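Before any comments, here is the structure.
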Amino acid sequence: MRQNGFSQLYTKLKDILLYKTPTEPHRFVLGEGQDDTWEKSSSSPAALVEKQEQALTELRSFAQRLAAFMEETKNTIEAGNWKPEVQIKYEKFAKEFAQLSPIGLAYDNSQEDPLKLTVKLRLSENEEMLTRIYNLPDNKDVVIRKFVLPSQPETTAMAVFLEGLSDKKLINLIVLAPLMLLPREGMAEQGKGVIETFINTYIPGNQVKLAATFEEIAIGINGGDTAVFVDGTEQALIIETKGWEHRSVGRPEIEPSVRGSQVAFSETMRVNTGLIRSLMRTSDLTTEMLTVGKQSKTPCAIMYIKSIANPKLVAEVKRRVNGISADYVADTGILEQFIDDHPNIPMPVILSTERPDRVVPHISEGRVAILLEGSPFALVVPFSFISLFHSIDDYAFKPIPGSFMRLLRLVGFMLAAILPSLYLAISYFHQEAIPTDLVLAIAAARERVPFPAIAEILMMELSFELIREAGTRIPGMLGSTIGIVGAIIIGQAAVAANIVSPIMVVIVAVTGLASFTITDYRLSFGVRLARFGYLLLSATLGLVCVGAGIIVSLILVCSMKSFGVPYLVPVAPKVTPGFDVVIRGPVYSQENRPDEINPLEPKRQLNVSRRWLKHRKDGK
C-alpha cells in the first residue's frame, strides 16, 4: 500500500527512535586487556597439569621403547648374533635416561621460554621444541626437511631453515647431499663422535659450528643458517647457508665526490666489512660481532685497529651497544640515538657516512666504526665538530684548494645560521649600521609590502623548507627540477604580488645556498632549526639577543662530549693541533694522530716521509 507523506515521516521517526535488532555484524573494536580465548599462561594450573601429563607421556614412551630394546637384545644374545649397533643403541638409551631424570624434567617444566632449554636426544622432542619456538604450523616460513642417514644402523635427522633467508642450492649441495650419501662403512663405530665426524669429514661448508641450546639454534636459523639435528645426539649443527636477496654495491648518493672513490655501503653488513678491509689490508684490523634488539636480533659489527685504538674507547663502545634494551634496532639512525651522549640536541656527535673511504682514515687514526646489518651507513666514534666540515675531496686535492673549500664551508655554515637574523636585527634596530643609500633602497623595495620583515622572512623560510622537503620526497631527477623551478616561480610571483620584497628573496636564496655547502645533512638540519631561533631573538632586541643566543649556543656546544672526547677539540679544550683541523697541511707533514683520542700509537708516519728526496737517481 502506498504511503502518504505523513505516513513516511512517521515510519522514519519510528525507525530512528525505537530499538531494532541489528542485521549487520558488529564493527571490530580493539579492546584493552587480554581476550578470554587467548592461550593460557604457562604458569596457570591448567598449563602445569599439561606439562605434567607431557612428562608422564615421555616417561611411558621411554619405558615402552626400553622394553622393546631389552627384548630385542635378549633375542640377539640367545641367537648368538651380536652386532655393534646394539652397543650404540644402549648408549643412546643411557643418555636419554639421564635426561628423563626427575631433576631434569622439573627443570624443563619450570622454563617458560623454550629458548632456554638444551637440545634433546630424541628427534621428535627437538621438533616439538621448534614447533613451540616458531609457532608451527601457522608459520609458513620455517622449513623442516627430514631425511635418513645411511649409517649402520640407519639414523633419522632433520634440517631446519627459513625460506627466503637461506640459499636452497647451498643447502642441497653442502647439507643434504653429503649427509644423505654417507658411506655405510665405518659409521657404526663412530658412537659418541658422530657430530664431530660430520664436521671434520662430510660437511664441506666453510663455517660450521655446534650448538647445545635452542637459543643459539634460533639465532643461527634467524640469520639464514641451517640447523641439522641428528637423532641420539645432544647437539645441533649450525651450517652457514645465508642467501637472501640484497642490493649490490652502488655509488654514493648523499656524499658524492669529485676525485674520491665511487663505492658506497650496501645493506649487507658482511659486504660493508669487506669494503673496509679492501681499503685497510692489515691483520690488526679487528671486527667484533655483537647483537642488538631483543626481537630483531640485529647483528652489529665493531671495527678498529687493535694496535692503535684505545682499549678504553673500545670497551665503552661495546658497553653502550650491549646496554641497549629494546625490541627493534635495525638502523644506524636508531642505534645512534641509543648510544649518543646528547640524543635530544639536534647536533651530530657521531659521524654517519655511506663511504668506506671516509671510514678507513678515521679507523687509522684510532677511532671505532660501528656497522649494522640492514643499514647502508656506518657510524664512527668519537667525533668532533670541526671534522663535520671535512670532506673526502679535501684529501684528494693539494693543501691550498683543500683549505679553501673548508673555509668556504665554514663561511656557508655561519651564513646559513645567522644571515636572516642579522638582516632582521639591522633593519629593525640598527639602521645606522648600514649606508644611507642602502637603507633608502631597502625602504623603497618594501614600500608596497603590507607585512613586517619578520613575517616576510618566516613566510619565505617556510616556503623554502617546503620546497626542499618536496624535492627530497619526489624520486629521481624530478625532485631537484621541481625544487629549482618551484623556488624561482614562488619567489618571482611573491615579489610581483608585493607579498615580499626583492631583498628578502635574495637573503633567503643566499641562506639556502649556504646551507647546501654543509657536508653533513644532520648538521644542516640543526642549523636550519637554530636559524628560526635566532630569527625570534633578533626580532626581540636585535643584535644584543642574537649575540646572547650565539654565546649560549657556544656554551652548550662546549659542554658536549662524544664518547668522552670534548666536542670542540682541538679548539676547546686546547690540545696539540695537527695540520688537519681547518687549514689542511701537506700530507707529508701530518706525522701525528689526533691527540684528543689518545691512541696507543701516536705516530702516523716518519718525520721525513718523502725519503726519496734524500737519494739521487744514481743511488749516491
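The values are calculated or read from the model by the stated rules, or taken from the named source; none is laboratory data. If you're wondering where the values come from, they're calculated on a predicted model, not measured in any experiment. As a convention, Cβ positions derive from the backbone with ideal geometry for all residues, glycine included, and neighbour counts pool all protein chains shown. Only protein heavy atoms, including side chains, enter the accessible area calculation; ligands, DNA and RNA are left aside. Shrake-Rupley method; radii C 1.70, N 1.55, O 1.52, S 1.80 Å.
Couple of notes before you dig in:
- Along the axis of the charge dipole computed for region 389-451 (Cβ charges of +1 for Lys and Arg, -1 for Asp and Glu, origin at the Cα centre), the listed residues Ala417, Ile434, Phe451 are led at the positive end by Ala417.
- Kirkwood radius for region 114-245, taken over all pairs of different Cα atoms as the inverse mean of 1/r, rounds to 14.7 Å.
- What the Cβ-Cβ distance of Tyr588 and Ser278 gives, at R0 = 35 Å and to the nearest 0.05, is a FRET efficiency of 0.90.
- Alpha-carbon centroids, region 195-229 and region 436-474: separation in whole Å: 65 Å
- Sites Asn172 and Glu601 - FRET efficiency at Förster radius 60 Å, r taken between beta-carbons, to 0.05: 0.80
- The mean accessible area for residues of region 425-575, using a 1.4 Å probe and ignoring ligands and nucleic acids, is 54 Å² per residue.
- Most to least packed among 318-328, 446-456 [average Cβ atoms within 10 Å]: 446-456, 318-328
- Region 114-245 - charge dipole about Cα centre, Lys and Arg +1 at Cβ, Asp and Glu -1, debye rounded to 20: 80 debye
- Two-decimal Rg/Rh across region 410-566, once Rg and the Kirkwood Rh are taken from alpha-carbon atoms: 1.01
- Taking amide hydrogens as placed 1.01 Å from N in the peptide plane, the amide H of Thr156 sits under 5 Å from those of Leu149, Asp231, each at least 5 positions away in sequence or on another chain.
- With DNA, RNA and ligands ignored, accessible area of Thr436 (1.4 Å probe; Å², nearest 10): 100 Å²
- Percent accessible area from carbon and sulfur atoms, region 228-291, protein chains only, probe 1.4 Å: 48 percent
- Applied to region 251-259, the Karplus parametrisation 6.51 cos²θ - 1.76 cosθ + 1.60 on θ = phi - 60° returns per-residue 3J(HN,Hα) values of 8, x, 9, 8, 10, x, 9, 8, 10 Hz, with x for Gly and Pro.
- Multiplying the residue separation of Phe397 and Leu536 by 0.36 nm and subtracting their alpha-carbon distance yields 46.0 nm.
- Modelled label reach - Thr576, point 7 Å along Cα→Cβ, region 346-364 residues with backbone N closer than 17 Å: none
- One Cα centroid belongs to region 389-420, the other to region 559-577; the line between them spans 20 Å.
- Residue-wise HN-Hα coupling along region 269-286, computed from phi with Karplus coefficients 6.51, -1.76, 1.60 (Hz; x: Gly, Pro): 5, 5, 5, 5, 5, x, 5, 5, 5, 5, 9, 10, 8, 10, 6, 7, 5, 10
- Check: region 410-566 dipole with +1 on Lys, Arg Cβ and -1 on Asp, Glu Cβ, in debye: 380 debye
- Area of Glu71 that stays accessible when all protein chains are in place (1.4 Å probe, Å², to 10): 100 Å²
- In nm, spacing of pseudo-spin labels at Ile144 and Thr286 (7 Å Cα→C-beta vector): 4.2 nm
- Glu127 accessible area, 1.4 Å probe, all protein chains in place, Å² to nearest 10: 50 Å²
- Backbone N within region 323-353 under 11 Å of label point (7 Å from Arg473 Cα along the Cβ vector): none
- Full-stretch length increase - Thr213, Ala68 - with 0.36 nm per residue and alpha-carbon distance subtracted: 49.2 nm
- Sorted from longest to shortest, the spans of the Cα atoms of region 269-383 along the three principal axes equal 36, 27, 24 Å.
- The phi torsions of region 420-436, fed into the Karplus equation with coefficients 6.51, -1.76 and 1.60 and a -60° offset, translate into couplings of x, 5, 5, 4, 5, 5, 5, 5, 8, 10, 10, 5, 6, 7, 10, x, 5 Hz, rounded to whole numbers, with Gly and Pro shown as x.
- Placing unit charges on the Cβ atoms only, positive for Lys and Arg and negative for Asp and Glu, gives region 275-385 a dipole magnitude near 320 debye about its Cα centre.
- Under the combined filter of DSSP loop state and at most 15 neighbouring Cβ atoms within 10 Å, region 482-564 retains none of its trypsin sites (Lys or Arg not before Pro).
- Solvent-accessible area assigned to carbon and sulfur over region 497-539 amounts to 83 percent, based on a 1.4 Å probe.
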